[in-house]
1. Among all residue pairs at least 6 apart or on different chains, which show Cβ distances below 9 Å where the first residue, located in the range 60-78, is over 14 Å from Arg19 (Cβ atoms) and the second is of a type in the set (Gly, Ala, Ser) and open to solvent by 60 Å² or more (accessible area, probe 1.4 Å)?
2. Quickly run through the range 56-74 and pick out the residues that are open to solvent by 60 Å² or more (accessible area, probe 1.4 Å) and polar (S, T, N, Q).
3. Out of the strands (runs of 3 or more DSSP E) lying entirely within the range 1-42, which hold 3 or more residues that are over 16 Å from Asp71 (Cβ atoms) and open to solvent by 30 Å² or more (accessible area, probe 1.4 Å)?
4. From the list Ser48, Ser30, Ser17, exactly one residue is among the hydroxyl-bearing types (Ser, Thr, Tyr) and farther than 22 Å from Ser110 by Cα. Which is it?
5. On the basis of being open to solvent by 20 Å² or more (accessible area, probe 1.4 Å) and either part of a strand (DSSP E or B) or not charged (D, E, K, R) (or both), does Ser48 make the cut?
6. Among (1) in contact with a Phe, Trp or Tyr (Cβ under 7 Å, 6 or more places away or on another chain); (2) surrounded by 19 or more Cβ atoms within 10 Å (Cβ to Cβ), there is one condition Asp88 misses while meeting the rest; what is its number?
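The values are calculated or read from the model by the stated rules, or taken from the named source; none is laboratory data. This structure is a prediction, so every number in the text was calculated from the model and none was measured. Here Cβ is always computed from backbone atoms with ideal geometry, including for glycine, and neighbour counts include all displayed protein chains. Heads up: the accessible areas ignore ligands, DNA and RNA and are worked out on the full protein's heavy atoms, side chains in. Shrake-Rupley method; radii C 1.70, N 1.55, O 1.52, S 1.80 Å.
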Amino acid sequence: QVPLVESGGGVVQAGDSLRLSCLASGRAVSAMAWFRQAAGKEREFVASIDWTGGSTAYADAVKGRFTISRDNAKNSLYLQMNSLKVEDTALYYCAAGPAFKSAQFMLVPSAVRDWGQGTQVTVSS
């Protein structure tokens with residue numbers, strides 16, 4: 001199995017935008033998600049997308065600011081993050097779930113079959 005590889009993290013100012021990418025070869029029919037883990041906190045759900053790309057789910061904390069999408073032609077998963085806040089600072093993980101699953105299936109870490117190594121997002125004020 002080809003590993004998941006995230007990119008796009010960095011240090012930005014509050015109010016800025018970032019787009020995270022995840023190379024996800026061989027996962028065209030897998031449900032996918034983004035999770036994050038801030039220092040001293042539990043890993044938490046951010047956003048997910050079903051295997052078709054037709055349905056999505058978001059944590060309340062990011063709803064309206066973040067957008068998850070996938071492009072199977074590029075074997076990629078994306079997280080567009082707008083209006084970033086200091087509290088968005090965390091290590092962001094790309095995550096793959098089982099084939100043919102819904103976005104709702106991916107709401108908890110136990111649903112994840114494969115994790116990327118993470119990309120750090122730091123938002124300063």
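1. Close Cβ pairs satisfying both conditions: Gly64/Ser83; Asn75/Gly26.
2. Thr56, Thr67, Asn72 - these are the residues of the range 56-74 that are open to solvent by 60 Å² or more (accessible area, probe 1.4 Å) and polar (S, T, N, Q).
3. Correct list: empty, since no element meets the threshold.
4. Values: Ser48 fails: farther than 22 Å from Ser110 by Cα; Ser30 fails: farther than 22 Å from Ser110 by Cα.
Matching residue, one of Ser48, Ser30, Ser17: Ser17.
5. No.
6. Only one criterion is unmet by Asp88, namely (1).
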